[in-house]
Structures are given as structure tokens and as C-alpha cells.
Amino acid sequence: MPELSGDPLSWLSRHLADPGGVLKEAGTSLGEISASDMDALRAATPEIVDMVRRLLDRVWSGELGRPTEDTAASGAVTSMRVSWL
């Protein structure tokens, strides 16, 4: 998903603000989630995006997502998760 990699916070904000669109994209019926739950998600969108922004800032600054001391000392990577982060 180039749009997710290019601007993850805008992508997240757009998708959280449109839960009906996300359900449709996932092939799920709108009846699966109540209107009040969709409204609550829309209302919480700014707070969720802000929290994700703060976490990503910590990843991008190198504070999070660093190799463990054992891995750094030995230089051996025994497992890895590769993603857009």
C-alpha cells in the first residue's frame, strides 16, 4: 500500500474517520457494527492518531524498534520483522 507507506498518519486518520468504508473494503456488512460504535470511533480518531504519531516518532528517532543488546553484541539476527516502520 503505497499510500500507507507514504503518509501513515493521514491514511490512518482517513480510515478511522470512515468506519463504513473500512467495513465495505473488508467485505463486511455495515450491520456488523452499531451506529453508536462507528460514531465513537470517529470521535476517538484524533486521539488514536495522536498516540500512533507519538509511537512512530519514538520509532523514527531510534528509541523504539532497536535490536536487543544480545543481537547488537553478537551481530547475529535470529528473527526479524520487516515492515513499513
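The values are calculated or read from the model by the stated rules, or taken from the named source; none is laboratory data. Remember, predicted model here, so these are calculated numbers, not experimental data. Backbone-built Cβ (ideal geometry, glycine too); neighbour counts: all protein chains shown. The accessibility values were calculated without ligands, DNA or RNA, using every heavy atom of the protein model including side chains. Shrake-Rupley method; radii C 1.70, N 1.55, O 1.52, S 1.80 Å.
Points to keep in mind about this one:
- Every test in (1) modelled with pLDDT under 90; (2) surrounded by 14 or more Cβ atoms within 10 Å (Cβ to Cβ) is passed by ARG14 save one, and that test is (1).
- Checked against (1) part of a loop (DSSP other than H, G, I, E, B); (2) modelled with pLDDT under 85, LEU4 passes all but a single condition, namely (1).
- Qualifying residue in region 30-38 (condition: part of a helix (DSSP H, G or I), over 27 Å from TRP60 (Cα atoms) and touching a Lys or Arg at 6+ places or on another chain (Cβ under 8 Å)): yes
- Region 51-71 - residue that is open to solvent by 70 Å² or more (accessible area, probe 1.4 Å) and at pLDDT below 75 and, of those, nearest to PRO8 (Cα to Cα): PRO67
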